[in-house]
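The block underneath contains the structure these notes are about, expressed in structure tokens.
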Amino acid sequence: MSVVIPLAEPPARADRARREQLKLAKRLRHQVGRAIADFGMIEDGDKVMVCLSGGKDSYTLLDILLQLQKKAPVRFSITAVNLDQKQPGFPEHVLPDYLRSTGVDFHVIEQDTYSVVARVVPEGKTMCSLCSRLRRGALYTYAARNGFTKIALGHHRDDLVATFFLNLFFHAKLSGMPPKLLSDDGRHVVIRPLAYVREEDIAVYAEARRFPIIPCNLCGSQENLQRKQVKRMLEAWEKESPGRIETIARALGDIRPSQLSDPALFDFLALGARGGGAPPDAHAWLAGAPPDDAPDDATRLDD
Ligand code: SF4
């Protein structure tokens, strides 16, 4: 009988993999550090609550922030917070076990938002949007009660770009997911330190670090169709022209209001105005009404 002895990875290949991993970790620290500095995300004395879902993005966010914290120019605390939404099959021991192994301060909020979503959303419809809203509410409430000054979320560069296109295509708005934002009620500052990080890099990093990933679709819900469509479009673009997503992401940080068409953002009325006249009136333009002091036929275009 022959015995198969598993071959150890050749030392040269293992070394190369290790070097690649270190290089990637350095790049991620650099990109996260740059985003923190560019947007003033973390200040001295901040209490940062890192929202941890169990997905690759939030694990990576926590891991990189913990690395940066050791050498940061300011002092800030980190607490990892997970919301156990009581989805069927959620392995509730996985996150606490992992977090204990890192030594980070952490808390698990238990709130059965799953039952609410399952009761309210009609069968066959996607539950993600209501689920996320309830999750956000529970996390923000916890942050307010516990005096956290910043709420850190794991959205990355590709999420920012996808949200921009979702708003553009389906809501006729040029707006996206900002790296830093004040919540609608003005009580929370939300930060997205992975704003410059590619999803692909996060996936490689999460695999190399062997984070114990908990899939978000345990509940069986599908993400919404529009988001799927946008993702497919972006993937196809990237395949056709590598680097396109990065170009779009850079464009989101280089906006020229005078080259767009929003009079609320840029004062087109004042541009080149000779002054003196009354503000233009669209009704008067449509009706072809002459100015009060014009001779009777002075504005008739068909003469
Ligand atoms: S997949 Fe399930 S748990 Fe994840 S956001 Fe959607 S509804 Fe919520």
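Could you list, in sequence order, all residues of segment 119-133 that are in a helix (DSSP H, G or I), within 11 Å of the ligand (Cβ to nearest atom) and without any contact (Cβ under 8 Å) to a residue 24 or more places away in the chain? Scanning segment 119-133 gives LEU130, SER132, ARG133.
The set of residues from segment 205-222 being under 19 Å from the mean Cα position of the chain (by Cα) and under 13 Å from ALA25 (Cβ atoms) comprises TYR205, ALA206. Remark: pairs (first residue in segment 159-183, surrounded by fewer than 16 Cβ atoms within 10 Å (Cβ to Cβ) and assigned to a loop (DSSP other than H, G, I, E, B); second residue modelled with pLDDT under 95 and not polar (S, T, N, Q); Cβ separation under 9 Å; 6+ apart in sequence or on different chains) = SER183/ARG136. For segment 192-205, enumerate the residues that are buried (at least 19 other Cβ atoms within 10 Å of the Cβ) and either within 16 Å of the ligand (Cβ to nearest atom) or small (Gly, Ala, Ser) (or both). Listed by number, the list holds a single entry, ALA195.
Taking the condition surrounded by fewer than 13 Cβ atoms within 10 Å (Cβ to Cβ), within 16 Å of the ligand (Cβ to nearest atom) and within 30 Å of ARG119 (Cα to Cα), does ASN224 pass? Against the criterion (surrounded by fewer than 13 Cβ atoms within 10 Å (Cβ to Cβ), within 16 Å of the ligand (Cβ to nearest atom) and within 30 Å of ARG119 (Cα to Cα)), ASN224 does not qualify.
Okay, residues lined up against (1) surrounded by 14 or more Cβ atoms within 10 Å (Cβ to Cβ); (2) modelled with pLDDT under 85; (3) acidic (Asp, Glu); (4) in a loop (DSSP other than H, G, I, E, B):
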{"position": "ASN217", "(1), (2), (3), (4)": "no, yes, no, no"}
{"position": "LYS231", "(1), (2), (3), (4)": "yes, no, no, no"}
{"position": "GLU246", "(1), (2), (3), (4)": "yes, no, yes, no"}
{"position": "GLY272", "(1), (2), (3), (4)": "no, no, no, yes"}
{"position": "PRO279", "(1), (2), (3), (4)": "no, yes, no, yes"}
{"position": "TRP285", "(1), (2), (3), (4)": "no, yes, no, no"}
{"position": "ASP292", "(1), (2), (3), (4)": "no, yes, yes, yes"}
{"position": "ASP303", "(1), (2), (3), (4)": "no, yes, yes, yes"}
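The values are calculated or read from the model by the stated rules, or taken from the named source; none is laboratory data. In this text the structure is predicted, and so the values were computed from the model without any measurement. All Cβ positions, even for glycine, are placed from backbone atoms using ideal geometry, and neighbour counts span all protein chains on display.
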